[in-house]
Each structure stands twice: as C-alpha cells, then as structure tokens.
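Peer 1: Below you will find the structure I want to go over with you.
The values are calculated or read from the model by the stated rules, or taken from the named source; none is laboratory data. This one's a predicted model, so the numbers in the text were calculated from it and none came from an experiment. No Cβ is skipped: glycine too gets one built from the backbone with ideal geometry, and neighbour counts run over all protein chains shown. Ligands, DNA and RNA are excluded from the accessible area calculation, which covers all protein heavy atoms including side chains. Shrake-Rupley method; radii C 1.70, N 1.55, O 1.52, S 1.80 Å.
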Amino acid sequence: MTEVTADHIHKLIDEYDMDDITIATVCSHTSLQIFHGAKKEGFKTLGICIGEPPRFYDAFPLAKPDSFMSVDSYEEILERTDELADKSTILIPHGSFVEYLGAENFANIRLPTFGNRKVLGWESDRQIERKWLEGAGVPMPRKIKSPEEINGPVMVKYQGAKGGKGYFIAKNITEFNESIDSKEVYDLQEFVLGTRYYLHYFYSPLSGDGYRLSQGTLELTGMDRRVESNADEIFRLGSPTELEEAGIQPTFVVTGNVPLVLRESLLPKVFEMGEKVVEKSIELFGGLIGSFCLETVLTDELEFKVFEISARIVAGTNPYINGSPYSELIQPDLSTGRRIAIEIKKARDMGCLEKILT
Ligand code: AMP
C-alpha cells in the first residue's frame, strides 16, 4: 500500500467545500454520539457499514446519519476514498474503526482523519507505549521481564489482544505455565489491586482558554469504569478460595461502561498525568490531538497506575451523551462526539483544519 503524505491530506482539505463538510465514521462503538454531536454542530453525517445499514439507527432519529455508505469489507473503504472526498468527508476514528480496518490500513487512508495518525505507532506496541508513558513520568504497573520473575499476581496480556480477551492472572510460574498459549506473544505486568478509573481527556491544540499546556489546553471530559465479564460478577458464585478450588478463573472481556466520579481532591493528579502525557507526545511525534483515555487503577495509597492509553474517543464516553459531571462545567450538553465536532468547526472557521486533521 502506498503511504499517504501530509501533503496529500492538505491538498484534499484545500479542495474541500468548507460549507458542506461531512463527518463520517464506522457504524459501531461510539458512532451514535459522534453523529448526534456532529448534527448538533450543523454538519452532514455519513455512516459506513458492512452490508445493510444497521436497523437500530431507526430507533434513534437524533443520532441516525444523513446517509450511509455500504461496503462488503472494511478494506473497500480504502478503494472508495474519492467518493468520500467528493463529499468533503472527515473521518472520525474510534477503537473499532481502527481495529476492523487494521492500524496499517488506517494509517494510510487517503482522507483527512481527526487526530494525529502518528500516535498509532506509539500505542499499538506495548513496549513503545511504555517508552512514551514512562518517559512522560506517569506511573505504570511494573513490567515483569520473564515468567521466572513472577513472585506475586501478574496480568498476562497477549500482544494485540482487544477488549481484555484472553488475559489471565498468574500468581506464580506454575499457574503461568498452566494457562499460557505458547504460540502467542505476551506481556507480563504486575496486577495492580485497587479501583479502576478510565479517565477521558480532550487535548485541543487550538484553544487558549482553560487548563493551559505549552501549546493549547487540556480538558477532563469525564470518566467511567468498564464492566468486564466475568471478573466483575464472579464472586456471586463463591469466595476466591472456593472459585480457585473449582478451577474458575476471572476473565476480562469488556461488555459495557458505567459512569463514575472521583474524589475531588484527586483531580490535580488527574490533570498532572494528562498534561505529562500530552507534553511528551508533542516532543515525540508532534502531539496527540483530541480525545484520549488513560486507563488506570487507583490503589488504596491513592496512587494511580496507568496500564494503558487509548488515543482516540473511547466507548467509556457513551454514558455521557448529554454531558458528564465534568464536561457540564465546560459547556452544557457536551458529549465527546460533540466536542470533536466543535473542534472541527473551530479549526474550519480559523482556517487551520490541517492542525487537527492528518
Ligand atoms: P486492557 O486491554 O489493557 O485495557 O485491559 C483489560 C482489563 O484488564 C482492564 O480493563 C483491567 O480490568 C484489567 N487490567 C489490565 N491491566 C491490569 C493491571 N496491570 N492490573 C490490574 N488489572 C489490569
């Protein structure tokens, strides 16, 4: 596949009809709030779907895109970019979009996409991601170099595993050997005990008012906790010892999200972590742009450990279609989908879309 250049994207943007921009995304994940938010800001919307448009959009008229583009496979999007460019389309990536299309395909798609595509190279490999986050000075769970060094609970994560699928906990090397799939590449991380907080941020390189960074501002738009099957309800069956005796293991497959707020006294730490991550990203690859999420465990010492970063809109923002207890203090009725549309509108009006689209 030919690599797409910044010049190519800038040229496309130059040819776009600024009064007729279409916001498009794949019909899944956070598409309802992306379309809902874009419509509220006066944009046209387009949903990309495999086969027939999903019927559930009929049930949600305020979030139903104005039109659909049906494809037989996600790769077909790559062949139909001219059609989308003719509609002055801006693509909004979300987790499923990038996963279904593949990170490499997404990185080379010949259409303007919201955010900095260079971030893909920094988050798709756990070692490189660790360089970014630890380099930023953000505390992470300890990395265990080899199974021989396991001397307490560790989380075993397969490379590229999505939504926690296949992860397992091992407390010693015997348990590790019992469950490991030796064909897979894995990563061993200290299992951090505490409560999970998935912190949603928005970094605007354009904004000057608010929590200011070296360039632009940082917003805290919300937070959630994922619900994971079966870990979150496993203890309905019995005590940890009873479960272990019965050979029942926790699994970590994400099934949904619940809203959450944090002790207010911890907000300075939340901003400090977000700030460090953004500043380091500016230094490493020109900055991540727009929404991102730090996935953390907060220990009983009130220390955050960041076990993952997601550098685009996360599904944990879905409970906040009308705003969160934090975004409500920025602007009423502000979903992350709408926040993205506002950023695009602002960049368009300032004549600098190329600052937030790559
Ligand atoms: P991830 O795919 O990295 O987002 O992880 C999936 C789930 O595994 C998370 O939502 C957590 O419940 C759990 N998890 C991941 N890493 C850790 C860790 N180091 N300590 C405790 N739980 C973790």
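Peer 1: To check my understanding: the extent here is largest minus smallest coordinate of the Cα atoms along each principal axis. What are those three numbers for segment 188-336, in Å, largest first?
Peer 2: 57, 33, 27
Peer 1: Moving on. Pairing the Cα long axis of helix 126-136 with the longest principal axis of the chain, what angle in degrees results, from 0 to 90 and rounded to the nearest 10?
Peer 2: Between the helix axis and the principal axis of the chain, the angle is about 80 degrees.
Peer 1: Leaving ligands, DNA and RNA out of it, work out the accessible area of residue 66 with a 1.4 Å probe and give it in Å² to the nearest 10.
Peer 2: 100 Å²
Peer 1: What cysteines in the chain have no other cysteine with a beta carbon less than 4.7 Å from their beta carbon?
Peer 2: Taking the Cβ cut-off of 4.7 Å, the unpaired cysteines of the chain are 293, 352.
Peer 1: While we're here: Give me the Å³ per residue figure for the convex hull around the C-alpha atoms of segment 51-210. Walk me through the numbers on the way to the answer.
Peer 2: Values: hull volume 32.7 nm³, N = 160.
Cα-based convex hull of segment 51-210, divided per residue, equals 204 Å³.
Peer 1: Next up: Quick one: what do you get for segment 232-280 if you divide its Cα Rg by 2.2 N^0.38 Å? Numbers along the way, then the final one.
Peer 2: Numbers: Rg = 17.9 Å, N = 49, 2.2 N^0.38 = 9.7 Å.
With N residues counted in segment 232-280, Rg over 2.2 N^0.38 Å equals 1.86.
Peer 1: How much of the DSSP beta bridge set in the chain is antiparallel, as a percent to the nearest 5?
Peer 2: Looking only at bridges with both residues in the chain, the antiparallel portion is about 75 percent.
Peer 1: Given C-alpha coordinates of segment 134-188, what is the ratio Rg to Rh with the Kirkwood estimate of Rh?
Peer 2: Details: Rg = 11.8 Å, Rh = 12.0 Å.
With Rg and the Kirkwood Rh in hand, the quotient comes to 0.98.
Peer 1: Let me ask something else about it. Per residue, how much accessible area does segment 98-146 have with a 1.4 Å probe, in Å²?
Peer 2: Values: 2110 Å² over 49 residues.
Result: 43 Å² of accessible area for each residue.
Peer 1: Arrange the residues 187, 181 by how much accessible surface each exposes, largest first, with a 1.4 angstrom probe. Walk me through the numbers before you get to the answer.
Peer 2: Details: 187 5, 181 55 Å².
Result, largest first: 181, 187.
Peer 1: Here's another thing I want to ask about it. Quick one: the Cα spread of segment 117-252 along its three principal axes, in angstroms, biggest first?
Peer 2: 58, 32, 23 Å, listed from the longest principal axis down.
Peer 1: Next up: Excluding ligands, DNA and RNA, what is the solvent-accessible area per residue of segment 213-307 at a probe of 1.4 Å, expressed in Å²? Before the final figure, lay out the partial values.
Peer 2: Values: 4660 Å² over 95 residues.
The answer is 49 Å² per residue.
Peer 1: Moving on to the next point. Of the DSSP beta bridges with both residues in segment 18-172, give the percent that are antiparallel, rounding to the nearest 5. Let's see the in-between values first.
Peer 2: Working: 3 of 17 bridges.
Restricted to segment 18-172, the bridges split so that about 20 percent are antiparallel.
Peer 1: Now for a separate question. May I ask for the equivalent-ellipsoid semi-axes of segment 287-346, computed as the square root of five times each C-alpha gyration tensor eigenvalue and listed largest first in whole Å? Please report the intermediate quantities before stating the final value.
Peer 2: Values: eigenvalues 117, 45, 19 Å².
Square roots of five times the eigenvalues give 24, 15, 10 Å.
Peer 1: Round to the nearest 10 and report in Å² the accessible area of residue 193, as given by a 1.4 Å probe over the protein chains' heavy atoms.
Peer 2: The accessible area comes out at roughly 140 Å².
Peer 1: Shifting gears a bit: For the Cα atoms of the chain, what angle does the longest principal axis make with the long axis of helix 6-15, in degrees from 0 to 90, nearest 10?
Peer 2: Tilt relative to the chain: about 40 degrees.
Peer 1: What does the convex hull of the Cα atoms of the chain come to per residue, in Å³, rounded to a whole number?
Peer 2: Values: hull volume 55.3 nm³, N = 358.
Output value, Cα hull per residue: 154 Å³.
Peer 1: Compute a Gaussian network model of the chain, connecting alpha carbons closer than 10 Å, and tell me which residue from 134, 149, 228 fluctuates the most.
Peer 2: 149
Peer 1: Oh, and also: In µm²/s, what is D for segment 1-113 at 4 °C and 1.567 mPa s, where D = kT/(6 pi eta Rh) by Stokes-Einstein and Rh is the Kirkwood radius from Cα pairs?
Peer 2: Numbers: Rh = 14.3 Å.
For the chosen part, D equals 91 µm²/s.
Peer 1: Further, regarding this structure: Between 45, 255, 217, where does the largest GNM mean-square fluctuation fall for the chain, given springs only between Cα atoms within less than 10 Å?
Peer 2: 255
Peer 1: About its Cα centre, what dipole magnitude does the chain give when the only charges are +1 on Lys and Arg Cβ and -1 on Asp and Glu Cβ, stated in debye to the nearest 20?
Peer 2: 560 debye
Peer 1: Run the accessible area of segment 67-201 with a 1.4 Å probe and give the carbon-and-sulfur part as a rounded percent.
Peer 2: In segment 67-201, the share of accessible area belonging to carbon and sulfur is 49 percent.
Peer 1: If N is the number of residues in segment 80-120, what value comes out of its Cα radius of gyration divided by 2.2 N^0.38 Å? Write out the running numbers ahead of the final one.
Peer 2: On the way: Rg = 10.0 Å, N = 41, 2.2 N^0.38 = 9.0 Å.
Output field value: 1.11.
Peer 1: Further, regarding this structure: Assuming a strict under-17 Å limit between Cα atoms, what lysine pair count do you get for segment 1-113 once near-sequence pairs (fewer than 8 apart, same chain) are dropped?
Peer 2: Lysine pair count for segment 1-113: 6.
Peer 1: For the chain, find the longest principal axis of its Cα atoms and tell me its angle to the long axis of helix 336-350, 0 to 90°, nearest 10.
Peer 2: 40 degrees
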